[in-house]
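Worksheet: one structure, shown below.
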């Protein structure tokens with residue numbers, strides 16, 4: 001296919017040249033009705049190119065197949081059979097993928113390190129999760145993706161499960177043995193869905209971890225806004241093989257998606273695909289070289305350790321590591337990742353990604369260079385020099401892997417939509433959660449609707465909040481109270 005084309009971008013340019021006069025949404029009419037104060041911040045071009053997809057970018061019947069041609073080019077670029085664009089982020093895409101595999105009360109094997117969007121999909125669908133244990137690093141208090149053997153054991157206990165869902169890479173950059181998991185699933189003629197939100201870049205350089213389609217995944221969901229050049233909310237999901245019905249997957253996406261998609265998001269996806277086909281290898285050659293250099297220099301800063309393959313990969317751990325995710329352990333500085341991230345934002349005007357009880361992380365992409373690397377290195381060096389003012393006596397009481405695992409008492413949907421009440425956090429032990437309790441980022445629920453709360457998990461969340469952890473999806477983010485299911489006296 002001719003990858004010099006960019007159907008959405010070309011259609012936008014053609015629309016502007018024709019001088020069409022719209023009597024349709026959006027109501028700002030190419031910015032004429034927008035407040036000048038808004039235009040001065042967002043720019044004239046944003047409004048000028050914010051048009052309808054149909055009866056705008058394309059005709060009333062979509063005869064020019066603008067979006068369809070862009071999706072076919074994307075599929076060809078990465079070697080998938082079918083590709084769908086989404087303007088609602090991978091949070092929607094992963095729900096559509098789940099619904100295409102399993103229905104209400106049917107079982108789906110899911111790694112327990114799944115993102116909260118997966119749990120949202122369970123609440124909406126009524127799918128019954130069969131949780132597959134991650135590969136826990138008990139020393140570093142970190143979860144890596146589940147192993148193929150863990151999925152094998154789960155299938156042996158639940159042979160009627162409709163398929164499997166695994167997250168890879170994780171927000172910490174660790175990757176599953178996707179080929180091994182696919183083999184476990186396909187031996188039973190079951191599909192595997194990969195939430196590869198952090199892996200949109202993986203197809204474009206051989207030194208990056210193997211991407212999901214090459215490993216045999218049936219459906220793969222990627223967030224192009226995370227590691228690519230897409231606008232926020234841009235997501236792509238890919239399909240290959242016949243284990244997941246193409247038309248059913250499309251219908252599930254249509255069921256959840258908006259009828260007013262942003263062509264600006266489509267255009268950025270279209271342009272990113274062209275950029276990657278034409279320049280991706282060269283761009284990631286430079287990015288990987290920069291990452292090697294930055295990792296080495298951060299390792300030399302006092303009190304900091306950059307996690308590498310030796311830390312994260314091997315038997316009982318992850319299968320691979322994305323080197324563009326710079327995960328820095330700062331435990332030796334005597335402070336938390338929460339306090340360090342806040343200090344760096346305040347004093348150096350840099351924003352980091354994941355921060356937890358002992359780590360901070362910076363993602364590097366093809367957009368970074370020695371200039372941005374110098375800003376990061378100077379900030380981290382200054383953090384090390386000023387660590388004394390950040391030391392804290394507040395200890396985050398991280399449970400053992402066994403204590404982190406909660407009993408699933410009810411379906412997530414039944415708990416979320418059932419009768420609920422708020423109880424004091426110190427009286428929630430033994431109660432069944434009716435809400436997600438999710439440190440964010442990275443957005444992996446510690447407790448989810450239908451799980452029975454335990455003292456170690458409640459202590460972890462409470463001590464975490466006091467140390468700076470954010471739990472934004474809780475009804476009470478301070479966790480002075482927790483939403484739980486109202487249980488009968490008999491139960």
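The values are calculated or read from the model by the stated rules, or taken from the named source; none is laboratory data. Nothing here was measured: the structure is a model prediction, and the numbers come from that model. Please note: Cβ atoms are built from the backbone with ideal geometry, for glycine as well, and neighbour counts cover all protein chains shown.
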Selection within the range 268-306 - more than 20 Å from residue 366 (Cα to Cα) and in contact (Cβ under 8 Å) with a residue 24 or more places away in the chain:
301, 302, 303, 304, 305
What number of residues within the range 1-49 are outside any helix (DSSP H, G or I), under 30 Å from the mean Cα position of the chain (by Cα) and surrounded by 13 or more Cβ atoms within 10 Å (Cβ to Cβ)?
5
Residues in the range 206-217: is at least one assigned to a helix (DSSP H, G or I) and farther than 17 Å from residue 173 by Cβ?
no
In this structure, is residue 169 under 27 Å from residue 363 (Cβ atoms) and in contact (Cβ under 8 Å) with a residue 24 or more places away in the chain?
yes
In the range 421-461, anything within 26 Å of the chain's Cα centre (by Cα), closer than 15 Å to residue 484 by Cβ and part of a helix (DSSP H, G or I) is listed as 457, 458, 461
Give the residues of the range 335-363 that are over 26 Å from residue 208 (Cβ atoms), in contact with a helix residue (DSSP H, G or I) (Cβ under 8 Å, 6 or more places away or on another chain) and free of Cβ contacts under 8 Å to residues at least 60 places away in the same chain, sorted by residue number.
335, 340, 343, 344, 347, 348
Listing of helices (runs of 4 or more DSSP H) fully contained in the range 60-177 that carry 2 or more residues being within 20 Å of the chain's Cα centre (by Cα), within 21 Å of residue 412 (Cα to Cα) and not assigned by TED's automatic domain parsing to the domain that holds residue 450:
89-101, 116-125
Please determine, by comparing only the residues of the range 298-327 that are surrounded by fewer than 17 Cβ atoms within 10 Å (Cβ to Cβ) and part of a helix (DSSP H, G or I), which one is farthest from the chain's Cα centre (by Cα).
299
How about the range 253-267: which of its residues are surrounded by fewer than 21 Cβ atoms within 10 Å (Cβ to Cβ) and out of contact with any strand residue (DSSP E or B) (no Cβ under 7 Å at 6 or more places or on another chain)?
254, 255, 256, 258, 259, 260, 261, 262, 264
Quick count over the range 227-252, residues being within 28 Å of residue 148 (Cα to Cα), in contact with a strand residue (DSSP E or B) (Cβ under 8 Å, 6 or more places away or on another chain) and not in a loop (DSSP other than H, G, I, E, B), is 8
Can you name the residue in the range 229-243 that is buried (at least 24 other Cβ atoms within 10 Å of the Cβ) and touching a residue at least 60 places away in the same chain (Cβ under 8 Å) and is also farthest from residue 285 (Cα to Cα) among such residues?
239
Can you tell me how many residues within the range 405-441 are modelled with pLDDT under 95 and crowded, with 19+ Cβ neighbours inside 10 Å?
1
If the Cβ limit is 6 Å and pairs must be 6+ apart or interchain, which residue in the range 364-385 that is farther than 30 Å from residue 281 by Cβ pairs with which residue that is exposed (fewer than 14 other Cβ atoms within 10 Å of the Cβ)?
384/302
